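Asker: Sharing a structure with you now.
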Amino acid sequence: MEFCILNANITAEVLHATLDEFDLKEGIWSIPARRMKGRERHNIPLSKQSIALIEQQCQLRMSDFVFPNRSNGKSLSQAGMSSVLKRMHKRREWKDKHGQLITAHGFRDTFKTWTTEKTDTDWLTGEMALAHKIKDKSAGTYQKSDLIDKRRRLM
């Protein structure tokens with residue numbers, strides 16, 4: 001869950017992450033196009049905290065998956081991520097300021113809100129951090145960079 005929050009990913013991207021997708025020296029996670037909703041490779045600049053989590057998982061390695069199901073070595077299921085939140089809800093209901101139960105996907109909403117309200121990050125950089133497609137065809141035609149340097153500062 002922590003890795004998902006730190007990188008503003010959808011849960012499936014994290015659950016199916018394999019060690020070969022990471023270049024820890026460069027601090028980049030390259031999610032292949034076949035695993036992305038938009039079917040385009042997505043490079044994520046990793047924070048020091050994210051790199052530390054991956055290094056920790058490498059020491060516990062039991063399969064190619066970074067966060068494996070410890071009973072069988074396969075990737076965790078979506079229910080695995082949900083169970084983390086359920087355990088947190090057992091202590092006390094964990095709700096947002098609108099009274100809605102916190103969800104894993106809701107952390108992406110929080111990331112976008114934080115990006116626009118609390119940082120000087122431009123809209124495009126925030127959208128690219130979330131791997132959103134640029135819907136403006138004209139802007140999409142001319143925007144060829146993945147803004148990795150700006151996104152590295154953001155992350």
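Quick note: the coordinates plus some simple rules give every number you see, no bench work behind them. Owing to the predicted nature of the structure, the values given are computational and were not obtained by experimental measurement. Every residue, glycine as well, gets a Cβ built from its backbone with ideal geometry; the counts of neighbours run over all protein chains shown.
Asker: Between Arg61, Arg34, Arg108, find the one with the highest GNM mean-square fluctuation for the chain; connect C-alpha pairs within less than 10 Å.
Answerer: Most flexible of the set in this elastic network: Arg34.
Asker: Cα centroids of the range 99-150 and the range 28-56: how far apart, whole angstrom?
Answerer: Here the answer is 15 Å between Cα centres.
Asker: Considering the Cα trace of the range 2-154, what is its radius of gyration and what is Dmax, both in angstroms?
Answerer: In Å, with Rg to one decimal and Dmax whole: 16.4, 49.
Asker: Report the charge-dipole magnitude of the chain in Debye, nearest 20, computed about the Cα centre from +1 at each Lys and Arg Cβ and -1 at each Asp and Glu Cβ. Display every interim value, and only then the final one.
Answerer: Numbers: 28 positive and 19 negative charges, 104 e Å.
It works out to roughly 500 debye.
Asker: Aspartates and glutamates near Lys133 by alpha-carbon distance under 18 Å, same-chain residues fewer than 8 away left out - which ones?
Answerer: Glu13, Glu40, Asp109, Asp122, Asp146
Asker: Using only DSSP helix segments of four residues or longer, with each worth -39500 (n - 2.57), what per-residue ellipticity at 222 nm results for the chain after dividing by its residue count and rounding to 500?
Answerer: That comes out to -12500 deg cm²/dmol.
Asker: Would you be so kind as to identify which of Ser47, Gln143, Phe111 lies farthest towards the positive end of the dipole of the chain, taking Lys and Arg as +1 and Asp and Glu as -1 on Cβ and the Cα centre as origin?
Answerer: The one lying farthest along the dipole's positive direction is Phe111.
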